[in-house]
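The values are calculated or read from the model by the stated rules, or taken from the named source; none is laboratory data. Computed from a prediction, not measured in an experiment: that's the story for all the values here. Virtual Cβ from ideal backbone geometry, glycine too; neighbours counted across all protein chains shown. Accessible surface areas use protein heavy atoms only, side chains included; no ligands, DNA or RNA. Shrake-Rupley method; radii C 1.70, N 1.55, O 1.52, S 1.80 Å.
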Amino acid sequence: MEEHNYVAFRKERDLGAIITDTFKFIRLEWKPFFIYVFKIAIIPILLAVASVLYISYASSKAFSGIDVENLNTINDENLFGNSVEIIVAVFLMMVFYLVAYVMVNIGSLYYIKSYIENNGQVNFEEIKQKVGEKFWAFVGLGILIGLIVFASMILCFFPAIYTGIVLSLASSILVFENKTVSNAIGDSFNFIKGHWWETFGISIVIGILVSILSYIFSIPVVIYQLIQGMSLLGTDDPTQMMGMFSDPVYLVLNVIANAGQFLFSSITLIATVLVYFDINEQKNASGTLNQIEGLGR
């Protein structure tokens, strides 16, 4: 395949090349990539977004029933019921978000793996099969990474940053080296030795860029909130502000914003895979060896 129509992942890159090739891959593959990832993760994404919207709606309903001029009229039973309802919704939101991000991660990584192995031609049936096979492994990986980073955060803030950057490569090791969850986590510490600072720098830059792009989806929500807020400035009842969170327009805009943020999170994964192959090439020259083997065929 011609170089300008294909992103060769297995090679060394500096920071500029990683950023450039991340967006080159998006430019070349954005339609099949985002459509397929969205198809794979559509149900958990919608459930996660729906749970966020329900929390907003339930909170609005709870506050709208409060008479700020006569707080003694608050029904404790109703308040307790609403609180339990919101707590359950928050728990479900956390579960749905975990599943949604797992599905986005699996779909994105195996899309890239198929893209690499087939020189730009993606085998969608193979990706679908791998998503089913590796789902629980990715769930376990996500939970373990969360626990390790949380434990590091308790000890000190800097170790949490260190382990977070190290473990950001664990999913790539799991996929591209076919390792188990425990081996992927263990190997990530050895793999990143001597390359932590460059990985940290790339993560910061890509994180800022993706945050800016993701915020584009939130602009309509922010504008709508400002307009609604301005219209309620003169009101004597602060609980009316909570009514905005059950507004259908606000809810629809929130759905779009949250779905966009899920999809844009996959851009970070693409950059992380490029970082993985950059380090792997520096350590093992696997890309060069593959090219040499290809010439001998």
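Restricting attention to segment 100-134, the residues that are open to solvent by less than 40 Å² (accessible area, probe 1.4 Å) and touching a residue at least 24 places away in the same chain (Cβ under 8 Å) total 18.
When residue 154 is tested against (1) within 22 Å of residue 267 (Cβ to Cβ); (2) more than 22 Å from the chain's Cα centre (by Cα); (3) aliphatic (A, V, I, L, M), exactly one condition is not met: (1). Out of segment 12-27, which residues are open to solvent by 80 Å² or more (accessible area, probe 1.4 Å) and either in a loop (DSSP other than H, G, I, E, B) or touching a residue at least 40 places away in the same chain (Cβ under 8 Å) (or both)? Answer for segment 12-27, where residues must be open to solvent by 80 Å² or more (accessible area, probe 1.4 Å) and either in a loop (DSSP other than H, G, I, E, B) or touching a residue at least 40 places away in the same chain (Cβ under 8 Å) (or both): 12, 14.
Just to confirm my filter: which helices (runs of 4 or more DSSP H) fall fully inside segment 152-206 and include at least 3 residues that are over 24 Å from residue 23 (Cα atoms), out of contact with any Leu (no Cβ under 7 Å at 6 or more places or on another chain) and open to solvent by 70 Å² or more (accessible area, probe 1.4 Å)? Correct list: 157-167, 181-191.
State whether one or more residues within segment 51-67 are in a helix (DSSP H, G or I), under 23 Å from residue 171 (Cβ atoms) and at pLDDT 80 or above. Reasoning before the result, please.
Of the residues in segment 51-67, the ones in a helix (DSSP H, G or I) are 51-64.
With under 23 Å from residue 171 (Cβ atoms) added as a condition, the list becomes none.
Within segment 51-67 (the criterion being in a helix (DSSP H, G or I), under 23 Å from residue 171 (Cβ atoms) and at pLDDT 80 or above), the answer is no, since none of the residues qualifies.
Scanning segment 135-151 for residues that are among the aromatic types (Phe, Trp, Tyr) and either farther than 21 Å from residue 98 by Cβ or surrounded by 17 or more Cβ atoms within 10 Å (Cβ to Cβ) (or both) yields a single hit, 138. Listed by first and then second residue, the pairs with beta-carbon distance under 7 Å, at least 6 apart or on different chains, first residue in segment 84-95 and closer than 16 Å to residue 44 by Cβ, second among the hydrophobic types (A, V, I, L, M, F, W, C) and open to solvent by less than 50 Å² (accessible area, probe 1.4 Å), are 89/55; 89/58; 93/48; 93/52; 93/55. Please determine, by comparing only the residues of segment 28-40 that are among the aromatic types (Phe, Trp, Tyr) and touching a residue at least 12 places away in the same chain (Cβ under 8 Å), which one is least open to solvent (accessible area, probe 1.4 Å). Looking at the filtered set, the residue picked out is 33.
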